[in-house]
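First comes the structure, then the notes that go with it.
Just so it is clear, none of the values below were taken in a lab; they were calculated from the coordinates. Given the structure is predicted, the values throughout are model-derived calculations rather than measurements.
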Amino acid sequence: MKQTIMIALTISVMFVQPALAEKDKPKPATGEQIFTQHCASCHTGGGNSVNESKPIVGSKELATIGKFKSYLSNPPGHMPYYQNLVNDRKMLDALHKYCKSIKTVPKKA
């Protein structure tokens with residue numbers, strides 16, 4: 001009887017524990033969240049406060065994920081290098097997709 005109970009407990013832990021671990025796992029950041037955290041201070045709304053003639057909107061650097069990664073791996077001027085972002089494919093993909101989704105730069109007041 002004790003052996004049957006131990007087997008039942010072991011089996012329940014084997015199946016329940018992974019399900020609970022998945023539930024507690026944080027959700028990956030969205031492209032918009034990544035953009036807000038890393039990019040928005042200079043690129044509000046897809047623009048470029050440092051060089052207005054080079055907004056994110058319509059940038060050739062967004063043509064492919066490879067080109068985007070290459071650009072972010074060797075950022076120009078004072079643009080910071082975010083190694084964790086460049087090396088995390090899910091974050092990079094999410095940011096790339098979000099940047100491509102921005103269609104217009106907000107007009108200045």
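Tabulated data
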item	result
Over 27 Å between alpha carbons, listed pairs Lys27/Lys54; Lys69/Lys103; Lys60/Lys90	Lys27/Lys54
Residue-wise HN-Hα coupling along the range 45-51, computed from phi with Karplus coefficients 6.51, -1.76, 1.60 (Hz; x: Gly, Pro)	x, x, x, 8, 6, 7, 9
Extension gain from Lys90 to Gln33, taking 0.36 nm per residue of separation minus the Cα-Cα distance	19.2 nm
Rh by Kirkwood over Cα pairs, then Stokes-Einstein D for the range 19-73 at 1.306 mPa s and 10 °C, µm²/s	120
Extension gain, Lys103 back to Asn74 (0.36 nm per residue minus Cα-Cα distance, nm)	8.0 nm
Spherically averaged projected area of the range 24-109 from its Cα convex hull (nm²)	6.1
